[in-house]
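Any read-out appearing in this document is the output of simple, stated calculations on the displayed coordinates, not a laboratory observation. Computed from a predicted structure; not experimentally measured. So basically every Cβ, Gly included, is an ideal-geometry build from the backbone, and we count neighbours across all protein chains shown.
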Amino acid sequence: MAERTIVCGFCGKSFQVAEDAGKAFCVHCGAETQIGEKTLQEKLDEILDPQKRYNTLQDQLEKTPDDPKVALLAEVFELRYFHRKKNTFDGFLRLWFDMVTYARKRDKAKELLNIQNEIKDFMADEKLVAFRSKSEEAEKLFWHEMKNAIELYYISSKDDRQYTSSFFNLFRMKGDAVTVKAAKDVVTTGVALLSLCEQTDDVVKLGDISREAFLKAYPNGMAAYNQALNEWKGCEEGKNAIANGIVEPLPETKQDAE
Ligand SMILES: [Zn+2]
């Protein structure tokens, strides 16, 4: 059953309800929330194409230039998307894509250093730092957009033959095999690669949201994720990460804790 995320109008926390629900009670504070049309953010989150996503927000910005939420989104969009000639690219997705690429070469010191520096430079970008430090809302929105970029990557890995699917040789693989392959990829990147990086708050958070993004794209992927994670924990690199306190020791999350 399709679900959507609702933000409680009373306590501000978010929770999931069925797509077709008319009203819901907040699971955090119990307040009743009327569920109307999808929010702008929800509509935007369903758009895969960067140009279309960017344009949709620009249209909204023209209609409601004084809406602070739209203005904040416009700011984060300026950080996320960059334009070259007639094309719009996703800078957040590019970071993740590079992480995936470098994660496979992480046993080479120089390659590992390259991606560590790329992550550092990305996070140290002056405009991004200024945006994130503006408000709690802005910080949340940054991570929302970062997670959305990773989500798009995993959604496109399911069925886009031109892009990640060819990169990952996902052609002609059937449902479960694709999930297993994608689970291995997210563990390789969001856990294994990051376990070799300096454990800053941003690095830890990147790992967390990559798992959430994968599960959003593959709602039934928890078992495959845990299997890939536990396999990695059994290898030399995983054992080191456990010894250094970076990841929890085996056996772990058989089921999602929540
Ligand atoms: Zn509430």
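Per-structure values
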read-out: Where the Cα pairs of region 88-151 fall when distances are cut into 5 Å bins, in %; value: 4, 16, 22, 24, 17, 10, 5, 1
read-out: Over 28 Å between alpha carbons, listed pairs Lys105/Lys147; Lys69/Lys184; Lys23/Lys158; Lys38/Lys216; Lys120/Lys147; Lys43/Lys205; value: Lys69/Lys184; Lys23/Lys158
read-out: Long-range amide H partners of Val247 with built H, under 5 Å; value: Ile242
read-out: Highest to lowest packing among 222-233, 77-88, scored as the average C-beta count within 10 Å; value: 222-233, 77-88
read-out: Helical mean residue ellipticity (222 nm; -39500 (n - 2.57) per DSSP H run of 4+; nearest 500) of the chain; value: -18000 deg cm²/dmol
read-out: Part-to-part distance (alpha-carbon centres) for region 4-22 and region 234-249, which is given in Å; value: 37 Å
read-out: Per the chain, cysteines lacking a partner by the 4.7 Å Cβ criterion; value: Cys197, Cys235
read-out: Distant-in-sequence amide H partners of Cys11 (H built 1.01 Å from N, under 5 Å); value: none
read-out: Spherically averaged projected area in nm², based on the convex hull that wraps the Cα atoms of the chain; value: 15.6 nm²
